[in-house]
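Readers should treat all values here as calculations from the given coordinates under stated rules, not as data from a laboratory. Just so we're clear, the structure is a prediction, and the values are computed from it rather than from any experiment. Here Cβ is always computed from backbone atoms with ideal geometry, including for glycine, and neighbour counts include all displayed protein chains.
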2 protein chains.
Amino acid sequence: MLELRLVQGSLIKKVLESIKDLVNDANFDCSATGFSLQAMDSSHVALVALLLRSEGFEHYRCDRNISMGMNLGNMSKMLKCAGNDDIITIKADDGSDTVTFMFESPTQDKIADFEMKLMDIDSEHLGIPEAEYQAIVRMPSAEFARICRDLASIGDTVVISVTKEGVKFSTRGDIGTANIVLRQNTTVDKPEEATIIEMTEPVSLTFALRYMNSFTKATPLSSTVTISLSTELPVVVEYKIAEMGYIRFYLAPKIEEDEDEHETKPQV
Amino acid sequence: MLELRLVQGSLIKKVLESIKDLVNDANFDCSATGFSLQAMDSSHVALVALLLRSEGFEHYRCDRNISMGMNLGNMSKMLKCAGNDDIITIKADDGSDTVTFMFESPTQDKIADFEMKLMDIDSEHLGIPEAEYQAIVRMPSAEFARICRDLASIGDTVVISVTKEGVKFSTRGDIGTANIVLRQNTTVDKPEEATIIEMTEPVSLTFALRYMNSFTKATPLSSTVTISLSTELPVVVEYKIAEMGYIRFYLAPKIEEDEDEHETKPQV
DNA sequence: CCCGATCCCA
DNA sequence: TGGGATCGGG
């Protein structure tokens with residue numbers, strides 16, 4: 001028996017909006033600890049890890065560990081039927097092959113229940129080792145989204161370079177090049193507007209903008225984002241979910257291209 | 001000679017927005033009583049009845065009963081040319097085969113007149129008998145629209161079930177099932193937010209969501225909607241038009257499907 | 001938080 | 001061409 005009640009139902013709606021374009025089907029794992037998900041994107045390039053800790057729910061009952069395979073597109077369809085201030089409860093009976101989403105309006109005048117079939121999904125649950133990163137950038141999530149969107153209109157990849165002065169996002173495309181530099185800035189009115197760099201060593205890595213732009217779908221979940229970088233490790237783009245956990249996106253860097261790769265003439 | 005002047009011209013704009021997708025061509029009937037229309041939708045499944053009483057117009061002159069056949073798409077195109085706070089006058093000369101829409105801006109600085117050809121339309125003007133209904137639900141129109149839209153993302157038909165406790169909207173589709181229950185609730189701050197059930201007998205009927213969603217195009221005309229249900233009678237979905245009349249949509253229920261219809265094995 | 005308007009996608 | 005989503009305003 002599983003019963004998870006979340007007063008701020010819009011959180012789970014936003015979570016699904018942020019991953020449904022990246023991952024088609026995934027197992028949600030439920031244990032006493034919390035409600036979590038780990039899945040590769042459909043092209044097996046990026047990885048999503050979600051954690052919603054049990055303490056963040058108003059009611060959390062999970063009698064035994066359970067893994068529920070869901071089609072995220074269908075789940076998202078159902079969650080769209082919840083109002084933004086509805087209370088959402090996720091229920092599953094032991095041995096059932098369905099999950100029920102219950103939506104209660106704040107006034108209790110409307111109660112909806114949506115039942116969805118579960119799926120069997122092979123999941124290779126990777127252990128993700130906690131790593132030390134050479135650089136961790138925290139910045140406003142909306143600004144990061146804007147930068148990724150802007151750069152994607154020029155090129156396909158972004159080079160993220162961190163020094164202790166700041167972070168630089170660069171791209172190059174047919175029509176030209178672009179560089180956006182953010183200086184470290186901790187002296188702002190609101191802490192969520194700060195750009196903060198923790199760095200042990202300068203680092204410069206290249207990533208596909210297409211995936212970065214997918215990750216920024218999670219922007220509504222948090223006003224800040226942290227980007228953790230280390231040579232030869234996947235970047236971690238993390239959005240904290242207030243009081244509950246996080247959603248993290250992992251993406252391997254591209255191998256540095258030869259500067260001359262665009263030359264049409266063959267190399268000697 | 002016909003001349004109908006309506007200060008709140010946006011009303012007639014909204015009326016056309018709410019029926020132009022359902023009905024292609026229709027006769028507007030004008031008499032001393034008012035301006036009315038009755039038409040089947042283009043697939044001859046649903047029926048629309050509109051009444052705008054003469055008392056609701058600031059000036060109403062209709063020398064003799066007249067029926068004017070109009071293409072609602074073209075009429076809507078013209079009405080879109082009126083500002084939302086324009087005064088709209090509908091004019092037709094006796095024996096003319098055209099109708100003129102005149103739009104006056106509130107400041108009188110702009111006066112437009114649009115002339116449209118009338119059409120000859122066969123219309124079987126059905127007498128719609130006033131019926132007694134087993135259940136009449138009054139609820140916020142926006143909520144009804146939201147429910148029909150949400151359910152249409154899951155299934156094709158809605159079962160509306162009324163008991164004295166409340167009204168339930170249910171559907172079923174490939175990805176799962178959905179039930180939305182509204183409790184009767186008369187204790188709200190604003191009367192238009194109430195959900196009120198008048199019922200002599202419980203009733204449960206099935207309708208095509210496609211039509212329901214067409215009907216909800218009339219939502220801007222009224223903050224509440226009433227849904228009148230009786231076994232084997234068409235449902236009536238009515239939006240009152242303040243001070244003037246109503247727009248009513250009629251739709252026959254679907255015959256209740258056999259529970260086993262989805263079985264793959266043939267019935268014995 | 002709801003509403004309307006505009007823009008974009010299907 | 002219609003519906004949905006997003007953005008801006010009340």
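With the convex hull drawn around the C-alpha atoms of segment A:157-248, the volume per residue stands at 123 Å³.
Against the globular-protein guess of 2.2 N^0.38 Å, express the Cα radius of gyration of segment A:108-189 as a ratio, rounded to two decimals.
1.75
Placing a label point 7 Å from Cα along the Cα-to-Cβ axis, A:R61 is separated from the same position in the other copies by 7.4 nm, shortest listed first.
In angstrom, the C-alpha Rg and Dmax of segment B:23-157 are 18.0, 52.
Where does chain A land at 222 nm, in deg cm²/dmol rounded to the nearest 500, when only DSSP H runs of n ≥ 4 count, each adding -39500 (n - 2.57), divided by all residues?
-4000 deg cm²/dmol
Counting only Cβ charges, +1 for Lys and Arg and -1 for Asp and Glu, the dipole size of the protein assembly as shown around its Cα centre is about 960 debye. Please report the orientation-averaged projected area of the protein assembly as shown, defined via the convex hull of its C-alpha atoms, in nm². If you wrap the Cα atoms of the protein assembly as shown in a convex hull and average its projections, you get 37.3 nm². Sorted largest first, the principal axis extents computed over the alpha-carbon atoms of segment B:1-95 equal 36, 29, 23 Å. Shortest first, A:I128 label-point distances to identical copies amount to 5.8 nm, with the label point at 7 Å from Cα along Cα→Cβ.
For B:D25, nonlocal amide neighbours, meaning residues 5 or more places apart or on other chains whose placed amide H falls under 5 Å from its own, are B:L72. What the Cα atoms of chain B give is an Rg and a Dmax of 20.5, 76 Å.
Separation of segment A:1-53 and segment A:135-179, taken as the distance between their Cα centroids, equals 27 angstrom.
Ranking B:T107, B:F169, B:C30 by how far each Cα lies toward the positive end of the dipole of chain B (charges on Cβ) leaves B:T107 at the top. Lysine pairs in segment B:81-210 whose alpha-carbon atoms fall under 27 angstrom of each other, counting only those eight or more residues apart or on distinct chains, come to 4. Applying both filters, DSSP loop and at most 14 other Cβ atoms within 10 Å, to the GluC sites (Glu not before Pro) of segment A:1-103 gives A:E58.
The Cα atoms of segment B:20-59 give a gyration tensor whose axes a ≥ b ≥ c have a/c of 1.5 or more with a/b greater than b/c, which makes the shape prolate.
Annotation for segment B:9-99: trypsin sites (Lys or Arg not before Pro) lying in DSSP loop with at most 16 further Cβ atoms inside 10 Å of their Cβ are B:R64, B:K80.
P(r) tail for segment A:97-236: Cα pairs beyond 17 Å make up 69% of the total. Across the copies of the chain, B:P106 has label points (7 Å from Cα along Cα→Cβ) spaced 3.1 nm apart, shortest distance listed first.
Please go through segment B:67-157 and write out the GluC sites (Glu not before Pro) that DSSP classes as loop and that have at most 12 other C-beta atoms within 10 Å. Taking segment B:67-157 and a limit of 12 other Cβ atoms within 10 Å, the loop GluC sites (Glu not before Pro) found are B:E124, B:E130, B:E132.
In segment B:172-216, one over the average inverse separation of all distinct C-alpha pairs is 13.7 Å, which is the Kirkwood hydrodynamic radius. Dipole check for segment B:67-201: with +1 at the C-beta of Lys and Arg, -1 at the C-beta of Asp and Glu, and the Cα centre as origin, the magnitude is about 700 Debye. For the pair segment B:186-202 and segment A:113-130, the centres of their Cα atoms are 43 angstrom apart.
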